[in-house]
Amino acid sequence: MPASDRLRVLITDGNTRAALAATRSLGQHGHYVVVGDAGPAPLARASRFSAAGLVYPDPAVDEAGFLWTVRDAVRRHQIDVLVPIADIAMMVITEARHEFEPACRVPFPDAARVARAGDKAAVTRLAESLSIPIPRTLILETAGSLASVEGLAFPIVVVRRAEQDPDA
(Lines give C-alpha, C1' and ligand atoms only; values in the text may rest on other atoms or scores of the structure.)
Protein backbone atom coordinates (compact mmCIF):
# COMPACT_ATOMS: atom_id res chain seq x y z
CA MET A 1 0.00 0.00 0.00
CA PRO A 2 1.40 3.41 -0.89
CA ALA A 3 2.22 5.52 2.17
CA SER A 4 -0.30 8.12 0.99
CA ASP A 5 -3.13 5.55 1.35
CA ARG A 6 -2.05 4.43 4.81
CA LEU A 7 -4.44 5.61 7.53
CA ARG A 8 -3.46 6.37 11.09
CA VAL A 9 -6.22 4.91 13.28
CA LEU A 10 -6.85 5.09 17.02
CA ILE A 11 -8.99 2.26 18.38
CA THR A 12 -10.42 2.53 21.90
CA ASP A 13 -11.33 -0.25 24.32
CA GLY A 14 -8.31 -2.35 23.43
CA ASN A 15 -9.16 -5.07 25.90
CA THR A 16 -12.16 -6.20 23.85
CA ARG A 17 -12.22 -8.85 21.15
CA ALA A 18 -13.78 -6.31 18.80
CA ALA A 19 -10.77 -4.02 19.25
CA LEU A 20 -8.42 -6.93 18.62
CA ALA A 21 -10.29 -7.86 15.42
CA ALA A 22 -10.26 -4.24 14.22
CA THR A 23 -6.55 -3.89 15.02
CA ARG A 24 -5.70 -7.05 13.12
CA SER A 25 -7.82 -6.17 10.12
CA LEU A 26 -6.54 -2.62 9.81
CA GLY A 27 -2.96 -3.67 10.44
CA GLN A 28 -3.12 -6.45 7.86
CA HIS A 29 -4.21 -3.82 5.35
CA GLY A 30 -1.16 -1.72 6.11
CA HIS A 31 -2.68 0.93 8.38
CA TYR A 32 -0.93 2.39 11.45
CA VAL A 33 -2.98 1.41 14.52
CA VAL A 34 -2.82 2.95 17.98
CA VAL A 35 -4.66 0.90 20.62
CA GLY A 36 -6.12 2.70 23.63
CA ASP A 37 -7.63 1.37 26.84
CA ALA A 38 -8.17 2.33 30.47
CA GLY A 39 -5.97 -0.60 31.52
CA PRO A 40 -2.21 -0.81 31.02
CA ALA A 41 -2.05 -4.09 29.05
CA PRO A 42 -5.04 -4.46 26.72
CA LEU A 43 -5.50 -7.53 24.56
CA ALA A 44 -5.30 -5.68 21.22
CA ARG A 45 -2.06 -3.96 22.22
CA ALA A 46 -0.35 -7.38 22.17
CA SER A 47 -1.16 -7.74 18.47
CA ARG A 48 1.77 -7.43 16.10
CA PHE A 49 -0.43 -4.99 14.17
CA SER A 50 -0.59 -2.52 17.06
CA ALA A 51 1.97 0.21 16.37
CA ALA A 52 1.51 2.13 19.63
CA GLY A 53 -0.49 2.14 22.83
CA LEU A 54 -2.42 4.67 24.85
CA VAL A 55 -3.64 4.46 28.45
CA TYR A 56 -6.53 6.80 29.19
CA PRO A 57 -8.86 7.41 32.15
CA ASP A 58 -11.98 5.27 32.23
CA PRO A 59 -14.60 7.28 30.29
CA ALA A 60 -17.34 6.07 32.65
CA VAL A 61 -15.47 7.62 35.59
CA ASP A 62 -13.56 10.57 34.10
CA GLU A 63 -15.13 11.68 30.83
CA ALA A 64 -13.15 14.92 30.67
CA GLY A 65 -9.84 13.14 31.32
CA PHE A 66 -10.70 10.50 28.73
CA LEU A 67 -11.45 13.15 26.11
CA TRP A 68 -8.34 15.17 26.93
CA THR A 69 -6.11 12.08 26.62
CA VAL A 70 -7.72 10.94 23.36
CA ARG A 71 -7.53 14.47 21.86
CA ASP A 72 -3.86 14.66 22.80
CA ALA A 73 -3.14 11.23 21.26
CA VAL A 74 -5.00 12.17 18.07
CA ARG A 75 -2.76 15.24 17.78
CA ARG A 76 0.51 13.50 18.73
CA HIS A 77 -0.01 10.46 16.49
CA GLN A 78 -1.62 12.50 13.69
CA ILE A 79 -4.65 10.18 13.74
CA ASP A 80 -6.90 10.21 10.65
CA VAL A 81 -9.71 8.02 12.02
CA LEU A 82 -10.91 7.54 15.60
CA VAL A 83 -12.80 4.26 16.19
CA PRO A 84 -14.52 3.97 19.57
CA ILE A 85 -15.46 0.36 20.29
CA ALA A 86 -17.46 0.16 23.55
CA ASP A 87 -20.78 1.95 24.08
CA ILE A 88 -19.47 4.45 26.64
CA ALA A 89 -16.48 5.47 24.50
CA MET A 90 -18.72 5.73 21.44
CA MET A 91 -21.20 7.98 23.28
CA VAL A 92 -18.51 10.26 24.70
CA ILE A 93 -16.64 10.56 21.40
CA THR A 94 -19.71 11.05 19.19
CA GLU A 95 -20.96 13.76 21.57
CA ALA A 96 -17.56 15.48 21.25
CA ARG A 97 -16.95 14.74 17.55
CA HIS A 98 -16.67 18.49 16.84
CA GLU A 99 -13.41 18.39 18.83
CA PHE A 100 -11.93 15.87 16.37
CA GLU A 101 -13.45 16.56 12.96
CA PRO A 102 -12.72 17.47 10.23
CA ALA A 103 -9.01 16.63 10.73
CA CYS A 104 -9.80 13.27 12.35
CA ARG A 105 -12.87 11.36 11.22
CA VAL A 106 -15.27 9.59 13.57
CA PRO A 107 -17.00 7.01 11.31
CA PHE A 108 -20.26 6.81 13.24
CA PRO A 109 -23.58 8.64 13.09
CA ASP A 110 -24.37 11.60 15.32
CA ALA A 111 -24.61 11.15 19.10
CA ALA A 112 -28.43 11.10 19.13
CA ARG A 113 -28.54 8.13 16.74
CA VAL A 114 -25.80 6.33 18.65
CA ALA A 115 -27.76 6.83 21.89
CA ARG A 116 -30.94 5.54 20.26
CA ALA A 117 -29.15 2.44 18.96
CA GLY A 118 -27.59 1.89 22.40
CA ASP A 119 -30.96 2.02 24.18
CA LYS A 120 -31.53 -1.72 24.42
CA ALA A 121 -35.03 -1.38 25.87
CA ALA A 122 -36.12 0.89 22.99
CA VAL A 123 -34.53 -1.40 20.40
CA THR A 124 -36.29 -4.38 21.98
CA ARG A 125 -39.65 -2.60 21.90
CA LEU A 126 -39.08 -1.59 18.28
CA ALA A 127 -38.21 -5.17 17.29
CA GLU A 128 -41.38 -6.43 18.98
CA SER A 129 -43.49 -3.78 17.21
CA LEU A 130 -42.04 -4.91 13.86
CA SER A 131 -42.68 -8.60 14.65
CA ILE A 132 -38.96 -9.35 14.70
CA PRO A 133 -38.39 -12.42 16.88
CA ILE A 134 -36.49 -11.73 20.10
CA PRO A 135 -35.74 -13.88 23.15
CA ARG A 136 -38.13 -13.62 26.10
CA THR A 137 -37.42 -10.17 27.45
CA LEU A 138 -38.38 -8.40 30.65
CA ILE A 139 -37.69 -4.71 30.95
CA LEU A 140 -37.45 -3.70 34.59
CA GLU A 141 -37.30 -0.10 35.68
CA THR A 142 -35.23 -0.71 38.84
CA ALA A 143 -32.79 -3.37 40.03
CA GLY A 144 -35.13 -4.09 42.94
CA SER A 145 -37.79 -5.21 40.48
CA LEU A 146 -35.72 -8.28 39.60
CA ALA A 147 -36.49 -9.89 42.97
CA SER A 148 -40.23 -9.85 42.22
CA VAL A 149 -39.93 -11.69 38.91
CA GLU A 150 -40.92 -15.34 39.08
CA GLY A 151 -40.03 -18.17 36.75
CA LEU A 152 -36.60 -16.98 35.66
CA ALA A 153 -34.39 -19.72 34.26
CA PHE A 154 -30.80 -19.62 33.10
CA PRO A 155 -29.30 -18.35 30.90
CA ILE A 156 -30.19 -14.82 31.95
CA VAL A 157 -28.73 -11.59 30.56
CA VAL A 158 -29.05 -8.46 32.68
CA VAL A 159 -28.33 -5.07 31.15
CA ARG A 160 -27.93 -2.18 33.57
CA ARG A 161 -28.84 1.38 32.61
CA ALA A 162 -26.88 3.43 35.13
CA GLU A 163 -28.42 6.75 34.10
CA GLN A 164 -31.85 5.50 35.20
CA ASP A 165 -30.89 3.62 38.37
CA PRO A 166 -27.48 4.61 39.71
CA ASP A 167 -27.86 2.27 42.72
CA ALA A 168 -28.44 -0.82 40.55
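The values are calculated or read from the model by the stated rules, or taken from the named source; none is laboratory data. Treat the numbers as computed from the prediction; the structure is a model and nothing was measured. All Cβ positions, even for glycine, are placed from backbone atoms using ideal geometry, and neighbour counts span all protein chains on display. Each accessible area value is taken on the protein alone, full model and side chains, heavy atoms only, with ligands, DNA and RNA left out. Shrake-Rupley method; radii C 1.70, N 1.55, O 1.52, S 1.80 Å.
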Residue under evaluation LEU140, criteria (1) touching a Leu at 6+ places or on another chain (Cβ under 7 Å); (2) in a helix (DSSP H, G or I), criterion not met: (2)
Residues of the range 1-26 classified as part of a helix (DSSP H, G or I), free of Cβ contacts under 8 Å to residues at least 60 places away in the same chain and surrounded by fewer than 19 Cβ atoms within 10 Å (Cβ to Cβ), total: 7
Enumeration of residues in the range 70-107 that are under 17 Å from the mean Cα position of the chain (by Cα) and free of Cβ contacts under 8 Å to residues at least 24 places away in the same chain: THR94, GLU95, ARG97
Test: residue in the range 70-86 that is polar (S, T, N, Q) and open to solvent by 20 Å² or more (accessible area, probe 1.4 Å): yes
So VAL55, is it in contact with a helix residue (DSSP H, G or I) (Cβ under 9 Å, 6 or more places away or on another chain), farther than 22 Å from HIS98 by Cβ, hydrophobic (A, V, I, L, M, F, W, C) and crowded, with 20+ Cβ neighbours inside 10 Å: no
Residues that are surrounded by fewer than 17 Cβ atoms within 10 Å (Cβ to Cβ) and outside any loop (DSSP other than H, G, I, E, B), drawn from the range 27-50: GLN28, ALA46
Cβ pairs under 9 Å, 6+ apart, first in the range 138-166 and at negative phi, second at pLDDT 75 or above and not in a loop (DSSP other than H, G, I, E, B): ILE139/LYS120; ILE139/ALA121; ILE139/THR124; ILE139/ARG125; VAL159/LYS120; VAL159/ALA121; ARG161/LYS120; ARG161/ALA121
Filter pass, VAL114 being within 25 Å of LEU43 (Cβ to Cβ), in contact with a helix residue (DSSP H, G or I) (Cβ under 9 Å, 6 or more places away or on another chain), free of Cβ contacts under 8 Å to residues at least 60 places away in the same chain and assigned to a helix (DSSP H, G or I): yes
Of residues in the range 123-157 being farther than 23 Å from ARG113 by Cβ and charged (D, E, K, R), the one surrounded by the most Cβ atoms within 10 Å (Cβ to Cβ): GLU141
Any hit, the range 59-69, residues being crowded, with 16+ Cβ neighbours inside 10 Å, β-branched (Val, Ile, Thr), in a helix (DSSP H, G or I) and at pLDDT 95 or above: yes
